[in-house]
Amino acid sequence: YQLEESSIDEREFVTRYEEQERYNVTAQSPGLIDVQNRNLYRPAAGVISEPFDYNRGHFGVDIAANPEESIVAVMDGTVLLSNYTAEDGYVISILHPGDMVSVYKYCSKVLKKEGDKVRAGDVVAFVGKTNSTYTSSHLHFELWYEGQPLDPQKYIVF
């Protein structure tokens, strides 16, 4: 059995199709499929009090949790940022393999500094209450892949 060589029309069609699909944001890239296959730790014990909402600019989930509840790294990585801001309290962000970043806001205290290596499940901070719109302690958690926010509930069981 021998395959025939593709025709000029077939090659042109493939070229046009590949060019059109190059910028198709609905198609999943191989990297995003890799993200779905990872096992991510739950960042803190608690319940989702505010879900991810891209249209409102809420690029993460809020987790209602006990004050001083441990916050853990969702995957192995390197601490990118460990800082305090007036708006978000203590914030820590971690760079993970494959262009993934996790962000933890409204912490009462962070335990790691920039450049520290962390393992999945390591305690990196504690839940606080900094945002004036909330009356109870919570963690705001974001997950980013190649500069795009992801809905954490699609990748982590809370």
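Near the amide H of E69, within less than 5 Å, lie the amide hydrogens of V127, all on another chain or at least 5 residues away, with H placed in the peptide plane. Here the label points at F158 and E146, each 7 Å from Cα along the C-beta direction, are separated by 2.6 nm in the simple model.
With a simple spin-label model that places each label point 7 Å from the Cα along the Cα-to-Cβ direction, the separation between F13 and A120 comes to 4.3 nm.
Relative contact order, percent, of the stretch 72-158 when contacts are C-alpha pairs under 8 Å separated by at least 6 residues? Intermediate results must be reported in sequence, preceding the final value.
Working: 199 pairs, mean separation 25.0, N = 87.
Relative contact order here is 29 percent.
Could you point to the residue in V101, G128, L150 farthest towards the positive end of the stretch 81-154's charge dipole, with +1 and -1 charges on the Cβ of Lys/Arg and Asp/Glu respectively? Projecting each Cα onto the dipole axis, the largest value belongs to G128.
In order along the stretch 75-89, the Karplus-derived 3J(HN,Hα) couplings, from 6.51 cos²θ - 1.76 cosθ + 1.60 at θ = phi - 60°, round to 8, 4, x, 10, 5, 8, 9, 9, 8, 10, 10, 5, 7, 10, x Hz, and Gly and Pro are given as x.
For L40, the accessible surface of its heavy atoms amounts to roughly 30 Å² (probe 1.4 Å, protein chains only, rounded to the nearest 10).
Grab the Cα-Cα distance for T78 and N39, subtract it from 0.36 nm times how many residues apart they are, and report the gain in nm with one decimal. Walk me through the numbers on the way to the answer.
Details: separation 39, 0.36 × 39 = 14.04 nm, distance 1.74 nm.
That pair, T78 and N39, stretches by 12.3 nm at full extension.
The values are calculated or read from the model by the stated rules, or taken from the named source; none is laboratory data. As the structure is a prediction and not an experimental result, all values here were calculated from the model. Cβ: placed from backbone, ideal geometry, glycine included. Neighbour counts: every protein chain shown. Surface areas here come from the heavy atoms of the whole protein model, side chains and all, with no ligands, DNA or RNA. Shrake-Rupley method; radii C 1.70, N 1.55, O 1.52, S 1.80 Å.
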